[in-house]
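Every read-out reported here was derived from the displayed coordinates using simple, explicitly stated rules and does not represent laboratory data. What you see is a predicted model; the values in this text were computed from it and never measured. All Cβ positions, glycine included, derive from the backbone under ideal geometry; neighbour counts span all protein chains shown.
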Ligand SMILES: CC(C)(COP(=O)(O)OP(=O)(O)OC[C@H]1O[C@@H](n2cnc3c(N)ncnc32)[C@H](O)[C@@H]1OP(=O)(O)O)[C@@H](O)C(=O)NCCC(=O)NCCS
């Protein structure tokens with residue numbers, strides 16, 4: 001990892017930066033639109049990447065209960081993409097889950113499956129995660145023409 005790069009749990013003071021990053025991709029439907037209030041409420045789920053003191057990426061972990069978790073809202077500042085920041089954030093989340101759970105299924109729904117495959121995720125069926133479908137997909141405007149691919153890491 002670049003020595004100027006750090007990945008850490010997010011705090012309340014990161015809400016504006018996380019919101020600004022997600023907004024870059026929410027309008028095109030790449031990530032779910034989140035209000036500042038929603039981000040603030042769920043700030044404990046977020047991590048951020050900092051490069052030379054500036055927030056340049058974020059990601060979130062959602063716990064569905066049981067052994068099921070979702071990595072979501074993975075975004076890197078367009079000016080900093082391709083430098084290992086996305087990898088550093090997702091590996092941070094995987095390491096955290098591995099530390100705390102003997103067994104888990106960590107999934108994602110994404111339009112960028114190749115990125116997650118580079119990190120060890122394997123393509124699977126969306127129907128493997130009915131909790132997600134009932135929670136989010138059933139309310140999504142793209143539900144009937146979803147272009148997202150499901151991937152998972154299981155231990
Ligand atoms: C996808 C995204 C998070 C990747 O972050 P990044 O910092 O640019 O990626 P990294 O530099 O850490 O790349 C890690 C690996 O994934 C590969 N990779 C990155 N983006 C990729 C893409 N779009 N397609 C295929 N492979 C990709 C890299 O080549 C690299 O492989 P390697 O380490 O084995 O050489 C970032 O490009 C982004 O914010 N995209 C827009 C939002 C988005 O699509 N988010 C994901 C859906 S939630």
Modelling each spin label as a point 7 Å along the Cα-to-Cβ direction, I'd like the residue 37/residue 125 distance in nm, to one decimal. 3.9 nm
Given a Förster radius of 25 Å and the C-beta distance between residue 54 and residue 114 as r, what FRET efficiency does 1/(1 + (r/R0)^6) yield to the nearest 0.05? 0.40
Tensor-based shape of segment 5-154 (alpha-carbon gyration tensor, a/c under 1.5 rounded, otherwise prolate or oblate): rounded
Which order, highest average first, do 23-29, 86-92 follow once you tally other Cβ atoms within 10 Å for each residue and take the mean per peptide? 86-92, 23-29
Would you mind classifying segment 82-140 by shape? Square roots of the alpha carbon gyration tensor eigenvalues, ordered a ≥ b ≥ c; an a/c under 1.5 is rounded, otherwise it is prolate if a/b is larger than b/c and oblate if not. oblate
Would you list 140, 83 from fewest to most Cβ contacts within 10 Å? 140, 83
What whole-number distance in Å separates the alpha-carbon centres of segment 4-54 and segment 63-134? 16 Å
Using per-residue counts of other Cβ atoms within 10 Å, averaged over each peptide, order 101-110, 114-123 from highest down. 101-110, 114-123
Ordering of 125-131, 67-73 by packing [mean C-beta count within 10 Å, highest first]: 67-73, 125-131
Helix-only CD estimate at 222 nm, as mean residue ellipticity for the chain, using -39500 (n - 2.57) per DSSP H run (n ≥ 4): -8500 deg cm²/dmol
On the formula 1/(1 + (r/R0)^6), with r taken between the Cβ atoms of residue 135 and residue 99 and R0 of 22 Å, the FRET efficiency rounded to 0.05 is 0.30
